[in-house]
Amino acid sequence: MNTINQMPDFMAMAEQLKKDLQSDAEMMGTDFIHNNFYTEGWHGSSFEPWQPKKISNSYQLLRVTNYLFNSIGVTESNPDRVVWEADAPYAQIHNEGGVLNIPITTRSRKYFWFMFYATGDEKWKGMALTKKQRFTVHMEKRQFMGDSEAFNQQWNDHVSNEILSQFKNHLNTL
């Protein structure tokens, strides 16, 4: 049989491409989100660095325990849509910023005294002796996930390259 006259199975090629692109989207999206932790900023339409730490330490922002970093995963995946979520309880406040009202309990005062005796730092003594009933803490926005023009462009380039390589592979088999 002559291979020149054979019609390629474009439907099968398209189905395989959809499956491949779905797994690629899961992997590339997760890598993109993780990269925001490494670069300490958000890659939206342009790079927006996070506010620097108030106390300079050797560790990266949001990477002390890696709990938030490791909590990011795909929660929904189908050929039309892939959804990522960070299931750490404090993920949203870090990603969007905001104000926290933290109640001061007897247990927290005991902890403040413990830290004062362990470190000798006067701030812990002040926290233990405060008359306040709650602390108000303003969390800076340190976005690591969301809708990103940079990722969309990266994804569009990847899809175009995959389509071209599928057709080139098919032409090479003829």
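Below are the figures for this structure:
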item	result
Extreme residue, farthest from Asn35 (Cα to Cα), among residues of region 142-174 that are among the aliphatic types (A, V, I, L, M) and open to solvent by 90 Å² or more (accessible area, probe 1.4 Å)	Leu174
Residues that are in a loop (DSSP other than H, G, I, E, B) and not charged (D, E, K, R), drawn from region 96-152	Gly97, Ile104, Thr105, Gly120, Thr130, Gln133, Gln143, Phe144, Met145, Gly146, Ser148
Candidates Ser160, Ser148, Ser165, filtered to the one that is within 25 Å of the chain's Cα centre (by Cα), among the small types (Gly, Ala, Ser) and under 30 Å from Met7 (Cα atoms)	Ser160
Residue within region 133-141 that is under 18 Å from the mean Cα position of the chain (by Cα), under 22 Å from Ser46 (Cα atoms) and open to solvent by 80 Å² or more (accessible area, probe 1.4 Å) present	yes
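The values are calculated or read from the model by the stated rules, or taken from the named source; none is laboratory data. What you see is a predicted model, and the numbers here were worked out from it, not measured in a lab. To get the accessible areas, we keep the full protein, side chains included, count just its heavy atoms, and leave off ligands, DNA and RNA. Shrake-Rupley method; radii C 1.70, N 1.55, O 1.52, S 1.80 Å.
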